[in-house]
Amino acid sequence: MNIEVNPNEFAGKRVLVSGGTKGLGRATVERFLAGGARVITAARTIKDPIDGVDYVEADLTKAEGSQALAKAALERLRGIDILAHVVGGSASPAGGFAALTDDHWLAELNLNRLATVRLDRLLIPQMLKRGTGTVVHIT
């Protein structure tokens with residue numbers, strides 16, 4: 001399938017994609033880039049970087065990682081217009097409630113929920129102050 005992309009669709013937009021180095025996150029980064037956006041993303045380790053993307057080495061399951069990404073986005077891009085939450089996943093064992101410990105639950109919540117909440121708290125205020133911005137949650 002060949003999808004035609006308008007190279008100016010996101011021209012002038014500053015985009016933060018959480019978890020943008022693999023899978024759906026990487027595809028999201030590539031799509032915003034193809035549309036002319038400036039993009040910043042984070043990963044615990046950066047492998048196979050994409051030209052034109054600002055990277056921050058940070059673990060978004062920790063508050064410090066979210067703070068580092070938000071700070072870098074505000075300093076390097078001077079704000080965010082689009083916040084695309086793509087980070088997520090699961091490393092918990094099968095077996096549901098009988099197999100999952102508190103540590104499993106905390107790891108899943110930190111990755112799939114709190115990473116998003118932390119970035120929202122850090123970046124939505126600057127969108128509200130400007131009176132414009134978009135937040136997209138992909139899960």
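The values are calculated or read from the model by the stated rules, or taken from the named source; none is laboratory data. Bear in mind the structure is a predicted one, so any value in this text is a computation, not a measurement. Note: ideal-geometry Cβ built from the backbone for every residue, glycine included; neighbour counts use all protein chains shown.
The C-beta contact set for the range 118-138 (first residue hydroxyl-bearing (Ser, Thr, Tyr), second residue buried (at least 17 other Cβ atoms within 10 Å of the Cβ), distance under 9 angstrom, 6+ apart or interchain) comprises Thr132/Asp81; Thr134/Lys13; Thr134/Asp81; Thr134/Ile82; Thr134/Leu83; Thr134/Ala84; Thr134/Met127. When Gln67 is tested against (1) assigned to a helix (DSSP H, G or I); (2) of a type outside the set (Asp, Glu); (3) over 12 Å from the mean Cα position of the chain (by Cα); (4) modelled with pLDDT under 95, just one condition goes unmet, and that condition is (4). Scanning the range 82-99 for residues that are without any contact (Cβ under 8 Å) to a residue 60 or more places away in the chain, surrounded by 10 or more Cβ atoms within 10 Å (Cβ to Cβ) and within 28 Å of Gly20 (Cβ to Cβ) turns up Gly89, Ser90, Ser92, Pro93. Taking (1) small (Gly, Ala, Ser); (2) in a loop (DSSP other than H, G, I, E, B); (3) at pLDDT below 95 in turn, Gly12 satisfies each apart from (3). The residue of the range 100-139 that is nearest to Thr28 (Cα to Cα), among those that are in a loop (DSSP other than H, G, I, E, B) and not aliphatic (A, V, I, L, M), is Thr139.
Every residue in the range 27-43 that is within 14 Å of Leu69 (Cβ to Cβ) and either more than 12 Å from the chain's Cα centre (by Cα) or among the polar types (S, T, N, Q) (or both), please. Listed by number, the list holds a single entry, Thr41.
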